[in-house]
Amino acid sequence: MKNTLKITLFSVWFLAACGGKENQGVKKVDVLPKVQENGSKIVFPTTTSMSFFATETLGSSSLNDEVTAPAKVSATVVSSQEGASQNIILFENSDLATNYTSLLQHLQNIRQKATIIQQKKTVIARKNVEVKRFEDLLKNGAGTGKDVANAQVDLLSAETELAIVQNDLANEKTAIIEHETKLKTGGFNPEALRNAPAGKAFIICDIPENQISKIKEGGNCTLQFTAFPNEKFTGKIEDVADVIDESTRMVKLRVSLNNPNQKLKAGMFATVSFGVSEGAHINVNKNALVTVQGKTYVFVKNDANTFDRREVSVGNQIGDRIIIFSGLTNGESIAIKGVMQLKGLSFGY
């Protein structure tokens, strides 16, 4: 197989050397490449044969790309017509709506129970004083044992009532954790919902796990809605969810958008577009890479007549460029055309 590749390359280089002119004399030269060091070095006898291969010189540069994801208006915020202090959240998902309503009720219960607990503690403090007072009276012969016993019973009753309310408070807090977990799984921050002003819309989209590091919270993004195909909206990336879907390896991204006229309705479909940057890294054309037995290689032009096979560690692909984490340095030249022929010579197939 390797001989067949050499013959094929010979034919290409031979025609190139002859310039396609049949009437020219042909010098008898050795134009077959030499494969050395177990295929890691390929030496060509002439610079003419090297002209078949195009190369590029490496340098670090920032790679930027635009990522798009399908999305949906998952909630809108409207003011209460009854003048309530808490704005109304209209959810597209009825389960989330139930969880949010229950969360608000449990928070209200906690505030009430916290007030009751403080009142019970005040009562207990007063009962403690009464017990001590009756004990002093009994000690000085001015009171009875029954008075002391009654005061102690009252104290015990107050302490029992406090323990019941404290237990209820603990149950309320457990319920809150449950509802907050469900809201977060849906891509929402419970506190952000409670503080959301009227006239805001929340858009949820799913992005791949490997894109998380590229998303910058607080950055802007562009949205286009199916209902308004000729309009583009600017949203703010508020949060990347804390939970990754185990089966799809997707994570929810929450975007907020001003919606003062309630133009956007919960349940509307959209497409979110946001730019991502990989920062400054060495990167190569995707055509420069070959993969053999799970390892990735490039061919580095070592001098005018030599290519060295080099194993590299690669990162994400942005467009037709692939990030190189290790194996190459700035200023080196690598093959980007004729790479499959070099692969055949290097590995023998």
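Bear in mind these aren't lab numbers, they're just calculated from the coordinates by the rules spelled out. Note that the structure is a prediction, hence the values are computed from the model and not measured. Positions of Cβ are generated from backbone atoms using ideal geometry, with glycine treated the same way; all protein chains shown enter the neighbour counts.
Let me have the relative contact order for the stretch 90-219, percent, based on Cα pairs under 8 Å that are six or more residues apart.
Working: 73 pairs, mean separation 42.3, N = 130.
So the answer I get is 33 percent.
In the stretch 94-185, how many lysine pairs have Cα atoms under 30 Å apart, counting only pairs 8 or more places apart or on different chains?
20
To the nearest 10 degrees, how steep is helix 2-18 against the longest Cα principal axis of the chain, on a 0 to 90 scale?
Its long axis makes an angle of about 60 degrees.
In whole Å, what are the Cα extents of the chain along the three principal axes, biggest one first?
136, 56, 31 Å, listed from the longest principal axis down.
Per q in 0.13, 0.23 1/Å, what log10 I(q)/I(0) does a Debye calculation on the alpha-carbon atoms of the stretch 94-185 return?
-0.58, -1.01
Compute the Cα gyration tensor for the stretch 183-240, then decide on rounded, prolate or oblate, letting a ≥ b ≥ c be the square roots of its eigenvalues: rounded whenever a/c is under 1.5, prolate when a/b is larger than b/c in the other cases, and oblate in all that remain. Please report the intermediate quantities before stating the final value.
Details: a/c = 1.76, a/b = 1.10, b/c = 1.61.
Cα axes put the stretch 183-240 in the oblate bin.
Once every Cα of the stretch 289-337 carries one equal point scatterer and solvent is ignored, give the base-10 log of I(q)/I(0) from the Debye formula at q = 0.14, 0.27, 0.30 Å⁻¹, two decimals.
Listed by q, the Debye log ratios stand at -0.35, -1.17, -1.31.
I'm checking a number: the convex hull volume of the Cα atoms of the stretch 264-349, normalised per residue, in Å³. What is it?
Working: hull volume 12.5 nm³, N = 86.
That works out to 145 Å³ per residue.
How many percent of Cα pairs in the stretch 197-278 exceed 18 Å? Please list the in-between numbers first.
Numbers: 1414 of 3321 pairs.
Taking all Cα-Cα pairs of the stretch 197-278, the fraction more than 18 Å apart is 43 percent.
Show which aspartates and glutamates lie in cross-link reach of K216 when reach means a straight Cα distance below 19 angstrom and same-chain residues fewer than eight apart are skipped.
Leaving aside aspartates and glutamates fewer than 8 places away in the same chain, those within reach of K216 are D65, E66, D206, E238, D239, D242, E278.
For the stretch 165-213, list log₁₀ I(q)/I(0) at each q in 0.13, 0.28 Å⁻¹, using the Debye formula over Cα point scatterers of equal strength and ignoring solvent, two decimals each.
Results for the stretch 165-213 at q = 0.13, 0.28 Å⁻¹ read -0.49, -1.05.
For K301, give me every one of the lysines with a C-alpha distance below 24 angstrom, ignoring sequence neighbours fewer than eight places off in its own chain.
Those lysines meeting the cut-off are K2, K6, K34, K41, K286, K337, K343.
Filter the trypsin sites (Lys or Arg not before Pro) in the stretch 262-349 to those in DSSP coil with at most 12 other Cβ atoms within 10 Å of their Cβ, and list the result. List each step's numbers first, then the result.
Details: sites: K263, K265, K286, K295, K301, R309, R310, R321, K337, K343; in loops: K263, K265, K337.
Within the stretch 262-349, no trypsin sites (Lys or Arg not before Pro) qualify (loop, at most 12 other Cβ atoms within 10 Å).
Pick out, in residue order, every one of the GluC sites (Glu not before Pro) in the stretch 163-252 that is DSSP loop and has at most 14 other C-beta atoms within 10 Å; say none if there are none.
On the way: sites: E172, E178, E180, E191, E209, E217, E231, E238, E246; in loops: E217, E246.
Sparse-neighbourhood loop GluC sites (Glu not before Pro): E217, E246.
Sort D303, D308 so that the residue with the fewest other Cβ atoms within 10 Å of its own Cβ comes first and the one with the most comes last. Before the final figure, lay out each step's value.
Working: D303 9, D308 19.
Ordered by Cβ neighbours within 10 Å, fewest first: D303, D308.
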